[in-house]
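Scroll down for the structure; my scribbles are underneath it.
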Amino acid sequence: MSAAAERQHHRTGRWIQHWDPEDPTFWNDGGRRIARRNLLISIFAEFLGFCVWAVWSIVVPQLPAAGFALTTDQMFWLIGLPALVGATMRIPYTLAVPVFGGRNWTIVSAALLLIPCTGLAVVVQNPDVSFGVLLAVAALAGFGGGNFASSMANISFFYPEREKGAALGWNAAGGNVGTAAVQFVVPLVIVTSAGVALQNAAYVFIPFVLLAVFLAWRFMDNLSTAKADPRQFAIATRSKHTWLISFIYIGTFGSFIGFAGAFPTLMNSQFPEVSLSMAFMGALVGSVARPLGGILADRLGGVSITLVSFAAMAAGTLGAIWSLGTHNFPVFFGSFMFLFIFTGVGNGSVYRMIPAVFRVAGGTAKMAAGCIGIAGAAGAFGGFLIPRGFAVSTTATGSLVPAFWLFIAMYVLMAATCWIVYGRGEMRAAKV
């Protein structure tokens, strides 16, 4: 597609009227170039969304050094609430793309990140601010959690079926890495000669958010052909598979986002002698492992890889329990890295299961699409449930160990559900 031809496909506001990626001629004659351009900017914007969504995970353990007096329960509320808000926003963010256009919504959703960044920069400079205000500002970080859903929905319209899996995989991985990035960058920028400057945790991202807004405005496109049927969610809710897969996905993605959020605080509370500069490694290995889970599931079946993931996650959790009893940081850190790897692998395998399950069960593509949206939102609630589990466990018993045992029990239950429903009979024969 020449530059002149590309311009002919646009109207005011960078709308493309005709888009047919399944046509090889259209795709090879410029369509791929346009799709890749939109993908790269989408990854950048989603990456920043995850950074903002996760920023409180690394700010919270630093609050006492900045003069804030918080209980353990309050600290885990500040970690978990952004995940709760972000999970709730995922379905409306998905529906926003066909209503407003992918380019337009990327501009808006990226610009909205300035609100939680500004709020964070203001409140962390006043140790006397009330906990309610801190909680309200932390909740604003949920804007970043919704970006994943709208970004995935937008990119899915640009790519042909034969390349959609790879494009969405890169898009998802690029966003997830934002959790690791914020946990790596913030400890570096908040330390000054005058002490801890937590406002820098927000300031460092504001220029990049503005850049994302500009790039989306200047180079992204809306597709007039991008149509989503809100009824697909209603259709999906009537299938038992939607809720069973959502339950299983809470165990994989919920564990990833929940442990990623809590890990810096766990390190700081249990091993205060260890620098938080290593905390980002968990989110990093979990993000990188996600595409591997999809690749293995394509070859061996999603159920098999998901079951292995749950077994490995239970083993990693057992290692974490042992390390707390012996105060052994190398075992603690290694157990969590093992756990994070298999949360990522499980994320990829569960997403691969969804279209296969609905195909075998006689469902429609709309039902599978609706399930993906619902499961993605449900899984993100794990980012709230895991920190709350740690808070309740610590308050009630003075120890994190009961929470870890509860998580192991849930992994066993989720694995059993996966095997009973999808590991036998027709589903097994189809290597779902």
Scan region 201-245 for residues that are of a type in the set (A, V, I, L, M), over 23 Å from residue 50 (Cβ atoms) and assigned to a helix (DSSP H, G or I) and jot them down. 234, 235, 236, 244
Within region 62-82, how many residues turn out to be in contact (Cβ under 8 Å) with a residue 24 or more places away in the chain, open to solvent by 10 Å² or more (accessible area, probe 1.4 Å) and in a helix (DSSP H, G or I)? 10
Does region 285-298 contain at least one residue that is in contact (Cβ under 8 Å) with a residue 12 or more places away in the chain, closer than 29 Å to residue 144 by Cα and not in a helix (DSSP H, G or I)? no
If a residue must be open to solvent by 10 Å² or more (accessible area, probe 1.4 Å) and not charged (D, E, K, R), how many such residues does region 234-260 contain? 10
Go through (1) open to solvent by 60 Å² or more (accessible area, probe 1.4 Å); (2) modelled with pLDDT of 95 or more one by one and return the number of the condition residue 389 breaks. (1)
Members of region 148-158 found to be under 17 Å from residue 31 (Cβ atoms) and touching a Gly at 6+ places or on another chain (Cβ under 9 Å), listed by number: 154, 155, 157, 158
So, in region 393-427, exactly how many residues are in contact (Cβ under 8 Å) with a residue 60 or more places away in the chain and open to solvent by 50 Å² or more (accessible area, probe 1.4 Å)? 6
Looking only at region 57-87, filter to residues that are among the hydroxyl-bearing types (Ser, Thr, Tyr) and more than 13 Å from residue 389 (Cα to Cα); which one of those is nearest to the chain's Cα centre (by Cα)? 57
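Select, from 338, 358, the only residue that is among the aromatic types (Phe, Trp, Tyr), open to solvent by less than 30 Å² (accessible area, probe 1.4 Å) and assigned to a helix (DSSP H, G or I). Steps first, please.
Working: 338 fails: open to solvent by less than 30 Å² (accessible area, probe 1.4 Å).
Within the list 338, 358, the selection yields 358.
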Within region 164-179, work out how many residues are free of Cβ contacts under 8 Å to residues at least 24 places away in the same chain and hydrophobic (A, V, I, L, M, F, W, C). 2
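The values are calculated or read from the model by the stated rules, or taken from the named source; none is laboratory data. Because the structure is a prediction, the values reported are computed rather than measured. Cβ coordinates were reconstructed from backbone atoms using ideal geometry, including for glycine residues, and neighbour counts include every protein chain displayed. Surface accessibility is based on the protein's heavy atoms, side chains included, excluding ligands, DNA and RNA. Shrake-Rupley method; radii C 1.70, N 1.55, O 1.52, S 1.80 Å.
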